[in-house]
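To keep things clear, I will list the structure first and then write my remarks on it.
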Amino acid sequence: MIRVKQLSKTFGSLAVLRGIDCAIQAKEVVCVIGPSGSGKSTFLRCLNGLEDASGGEVWVNNVAVHEPKTDIDALRSDIGMVFQRFNLFPHKTVLQNITLAPSKVRGLSEADAKARAVALLDKVGLIDKIDAYPNQLSGGQQQRVAIARALAMQPRIMLFDEPTSALDPEMVGEVLAVMQALADEGMTMVVVTHEMGFARQVADRVIFIDEGVIVEQGAPAELFDRPAEERTRRFLSKVL
Ligand code: ADP
Ligand code: MG
């Protein structure tokens, strides 16, 4: 579903990604871990064309994301993204936040968009908040709305960039639970996270990125319990 070949990204003289190769299968859940500043967010943003690659290739659903002539908007509506900050529209209700893109981009009728939103709010446990505004919700609730909003476009892939890092600790679990349910349903997911417990439990594969390269990757039990590389061991000793 995703194939990345020798992906590089530079900002001026700063080489942030230095030859990333990886392939992600449909229904796979991949967690990306690594130190701050190692290029994790940049990698994720290159997958949906939020950043242009400086070199190499990014293929998503057989679409060449790295080609300037590719219609990125069409591709992006197939890829949901959830950020650290919830980015909900503050002056719109929960319902409006979720129905906006499906109505505008997918041309859904108001009734269909609402039915879809109701089903998703039910799934993330927030049906009672349908008419609330974002500032009336806790951080964890806002993030669950943000996930529902992304899902309303019926994406084939979901990208998460540290979705729980801005949350108070007591709200982390409710967001991870929604993500786990999504994984159990077979969603293809790439999750940048510092939640090693989640990575161990939910990921099919963990990728450790440091200084713009994939140092090591493998099944969670393998990578966490028997890391092959010294850099991986050093990182894990700080976060586990
Ligand atoms: P991570 O998500 O692993 O913390 P990032 O991908 O956000 O790392 O950033 C990797 C490096 O690229 C950092 O040094 C960051 O400062 C730099 N960087 C990211 N985005 C930009 C940008 N738009 N312009 C310049 N430098 C950037
Ligand atoms: Mg980041």
Would a scan of region 16-33 turn up a residue that is more than 8 Å from ligand 1 (Cβ to nearest atom), among the small types (G, A, S) and in a loop (DSSP other than H, G, I, E, B)? yes
Please enumerate the residues belonging to region 180-195 that are among the polar types (S, T, N, Q), open to solvent by less than 50 Å² (accessible area, probe 1.4 Å) and in contact with a helix residue (DSSP H, G or I) (Cβ under 7 Å, 6 or more places away or on another chain). T193
Can you tell which of S36, S41, S54 is within 14 Å of ligand 1 (Cβ to nearest atom) and without any contact (Cβ under 8 Å) to a residue 12 or more places away in the chain? S36
Does I24 meet the test of being within 19 Å of E162 (Cβ to Cβ) and more than 16 Å from ligand 2 (Cβ to nearest atom)? yes
For region 85-101, does any single residue satisfy the condition of being out of contact with any strand residue (DSSP E or B) (no Cβ under 6 Å at 6 or more places or on another chain), part of a loop (DSSP other than H, G, I, E, B), closer than 30 Å to R231 by Cβ and within 15 Å of ligand 2 (Cβ to nearest atom)? yes
Qualifying residue in region 225-237 (condition: open to solvent by less than 50 Å² (accessible area, probe 1.4 Å), among the β-branched types (V, I, T) and not in a helix (DSSP H, G or I)): no
Among the residues of region 32-44, are any among the polar types (S, T, N, Q), surrounded by 16 or more Cβ atoms within 10 Å (Cβ to Cβ), within 16 Å of ligand 2 (Cβ to nearest atom) and closer than 22 Å to A183 by Cα? yes
If we ask which residues in region 17-31 are buried (at least 21 other Cβ atoms within 10 Å of the Cβ) and either of a type in the set (D, E) or farther than 20 Å from D204 by Cβ (or both), their number turns out to be 1
For region 122-179, give me each residue that is β-branched (V, I, T), buried (at least 20 other Cβ atoms within 10 Å of the Cβ) and in a loop (DSSP other than H, G, I, E, B). V124, T164
With the condition kept exactly as written, say whether any residue in region 73-89 is open to solvent by less than 80 Å² (accessible area, probe 1.4 Å), over 19 Å from the mean Cα position of the chain (by Cα) and modelled with pLDDT under 95. no
Selection from region 45-60 of residues surrounded by fewer than 20 Cβ atoms within 10 Å (Cβ to Cβ) and part of a strand (DSSP E or B) yields G55, G56, E57, W59
A careful count of residues in region 196-211 that are assigned to a helix (DSSP H, G or I), hydrophobic (A, V, I, L, M, F, W, C) and closer than 10 Å to F224 by Cβ gives 2
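The values are calculated or read from the model by the stated rules, or taken from the named source; none is laboratory data. Predicted model, so just to flag it, every value in this text is computed and none were measured. All Cβ positions, even for glycine, are placed from backbone atoms using ideal geometry, and neighbour counts span all protein chains on display. For the accessible areas, the whole protein counts, side chains as well, though only heavy atoms, and no ligand, DNA or RNA atoms are used. Shrake-Rupley method; radii C 1.70, N 1.55, O 1.52, S 1.80 Å.
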